Amino acid sequence: MSTLKTLNGNQTIAEAVRQIDPDVLAAYPITPSTAIVETIAKFKADGLITGEFVCPESEHSAMSVCIGASSAGGRVMTATASQGLALMWEMLYIAAGLRLPIVAAIVNRSLSAPINIHGDHSDTMGARDSGWIQIYSENCQEAYDNFIQAFRIGEDLKVRTPVFVGLDGFIISHSLEVIQVEDDDKIKKFVGEYKPVYPLLDISRKMTVGPIDFTDYYFEHKRNQMEGIENAPSVIEAVGKEFGQKFGREYGFFEEYRMDDAELCIVVMSSAAGTCKDAVDELRSDGKRIGLLKPRIFRPFPYEKIAETLKKMKAVAVLDRSSSPGAFGAPLFTEVRSALYDYAERPYIVNYVYGLGGRDIKVEHFKEVALKLEKIAETGKVEETYGYINLRE
């Protein structure tokens, strides 16, 4: 039977890990994800999980352990953040290239320099082309639900691809929330028994893993790798619907909030979407026809579905919690703008970077964005395609 528990974001991930009980859990602690690793270690010491817990000398080694364990045929997970994810960089591509369904909880945090331990999306956005599926969470409940679904998505035989589950550092990882924790047996049944494909420990068959691969077949093998993430959308949708049927909280590629009759739209991911909802409610009470689109899946990017939703808008603002120096806009903006390119009639679209290093974004900031969108819709002019929110210039 499900129970209500007061947990922070890190604890919700650890609770999901306890219920799933993967074969191997390899992680090196780093702020603000440390409590995930600490809690898992305590669960292991208390006999609440049977899987092997490995704490190696670095995050690079942690992902290396995950790759080895997954190749051997185990269900595997890890957790990290920021510089820890950056230290894993080399191994991320190997995990994806070998089609290993490792699940990683990423407590989103800024990257140095300067040193900052607070939340933004610089870490996972830097890894957006590494071949991992990327799921983002607005709150603790979503972090719990997304992490559970990630195993079903990544392990599906049509996908066989590693998965990031992001939750904003400190804003979600350290904030307490009452969440619905489902029955242990129901979670185990939902996730199901792991069935490895070509495990190295199966000595009845001969295989090669990670061979050298020059101009003869490298291209073909990379193309084969991409099939997993290209097959993911139908699996993501099916798993999200099944989760809703079993536990009452259905998930898709993104959430639409007060979008039925909206003419203006703000696109923003993760924890900031909760603040944006409050702003939208207040703007609606003032008669403004504005809505929110909150992406949940960033990779594979659901460009067709997002474009179909946004094409009817007069003006759209995409807010990014990361930057892309030298590019024409930040990561989420470039994806959304590209998705709308082929439509003859499409909204004016602008990009604002916010919250780097954990800086607050408040209701009044979203209201400022809404006023700018209103002006763009009225005048048909975009004076500033790219800008910043709550920044001292």
Inset, instruction - Using a cut-off of under 19 Å, list every residue of segment 264-304 whose amide N is near the label point 7 Å from the Cα of Tyr343 along the Cα-to-beta-carbon line. - result: 264-269, 289-298, 301-304
Inset, instruction - Report the charge-dipole magnitude of segment 113-175 in Debye, nearest 20, computed about the Cα centre from +1 at each Lys and Arg Cβ and -1 at each Asp and Glu Cβ. - result: 240 debye
Legend entry - Euclidean distance of C-alpha centroids, segment 211-265 and segment 45-63, integer Å: 28 Å
Inset, instruction - Quick one: angle between helix 9-20 and the longest Cα principal axis of the chain, in degrees between 0 and 90, rounded to 10, please. - result: 40 degrees
Legend entry - Rounded Å value of the spacing that divides the Cα centres of segment 73-141 and segment 339-388: 27 Å
Inset, instruction - Show which lysines lie in cross-link reach of Lys305 when reach means a straight Cα distance below 19 angstrom and same-chain residues fewer than eight apart are skipped. - result: Lys241, Lys294, Lys314
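Percent antiparallel among DSSP beta bridges with both residues in segment 254-388, to the nearest 5?
On the way: 4 of 21 bridges.
Roughly 20 percent of the DSSP beta bridges within segment 254-388 come out antiparallel.
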Inset, instruction - Report the residue, chosen from Ile40, Ile148, Ile115, that carries the largest GNM mean-square fluctuation when the chain is represented by alpha-carbon nodes joined by springs under 10 Å. - result: Ile115
Legend entry - Fewest-first sequence of Thr215, Thr31 by Cβ atoms within 10 Å of each Cβ: Thr215, Thr31
Inset, instruction - May I ask you to derive the FRET efficiency for Leu201 and Lys44 from their Cβ-Cβ distance with R0 = 25 Å, giving the value to the nearest 0.05? - result: 0.70
Legend entry - DSSP beta bridges in segment 3-247 [antiparallel fraction, %, rounded to 5]: 20 percent
Legend entry - Neighbour-count order for Trp89, Trp132, fewest beta carbons within 10 angstrom listed first: Trp89, Trp132
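Can you give the charge dipole size of the chain about its Cα centre, rounded to the nearest 20 debye, using +1 on the beta carbon of Lys and Arg and -1 on the beta carbon of Asp and Glu?
Values: 44 positive and 56 negative charges, 51 e Å.
Result for the chain is approximately 240 debye, rounded to the nearest 20.
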Inset, instruction - Rank the residues Tyr348, Tyr144, Tyr341, Tyr251 as a footprinting-exposure proxy: fewest other Cβ atoms within 10 Å of their Cβ go first. - result: Tyr341, Tyr348, Tyr251, Tyr144
Inset, instruction - Among Ala307, Ile20, Gly248, flag the residue with its Cα farthest along the positive direction of the charge dipole of the chain, charges on Cβ as +1 for Lys/Arg and -1 for Asp/Glu. - result: Ala307
Legend entry - Angle in degrees between helix 34-45 and the longest Cα principal axis of the chain, rounded to the nearest 10: 30 degrees
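Suppose a student asked you for the relative contact order of segment 1-107, using Cα pairs under 8 Å spaced at least 6 residues apart; what percent would you report? Show your work: numbers first, answer last.
Numbers: 167 pairs, mean separation 31.2, N = 107.
Over segment 1-107, the number comes to 29 percent.
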Inset, instruction - Provide the FRET efficiency to the nearest 0.05 for the Asn390-Lys222 pair, computing r from the beta carbons and using R0 = 35 Å. - result: 0.30
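Report the full-extension gain for the segment Val363 to Ser58: residue separation times 0.36 nm, less the Cα-Cα distance, to one decimal in nm. Can you show the working numbers first?
Numbers: separation 305, 0.36 × 305 = 109.80 nm, distance 3.92 nm.
Contour length minus Cα-Cα distance gives 105.9 nm.
Remind me, relative contact order of segment 250-393 in percent, using alpha carbon pairs under 8 angstrom and six or more residues apart?
25 percent
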Legend entry - Nearest-ten-degree value, helix 140-155 long axis tilted from longest Cα axis of the chain: 50 degrees
Legend entry - Simple label model, 7 Å out from Cα along Cβ direction - Ala113 to Ala327, nm: 2.4 nm
Inset, instruction - List every residue whose amide H lies under 5 Å from the amide H of Thr78, counting only residues 5 or more places away in sequence or on a different chain, with H placed 1.01 Å from N in the peptide plane. - result: Val103, Ala104, Ala105
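Bear in mind these aren't lab numbers, they're just calculated from the coordinates by the rules spelled out. Only a predicted model underlies this, so the values are computations on that prediction, with no experimental measurement involved. So basically every Cβ, Gly included, is an ideal-geometry build from the backbone, and we count neighbours across all protein chains shown.
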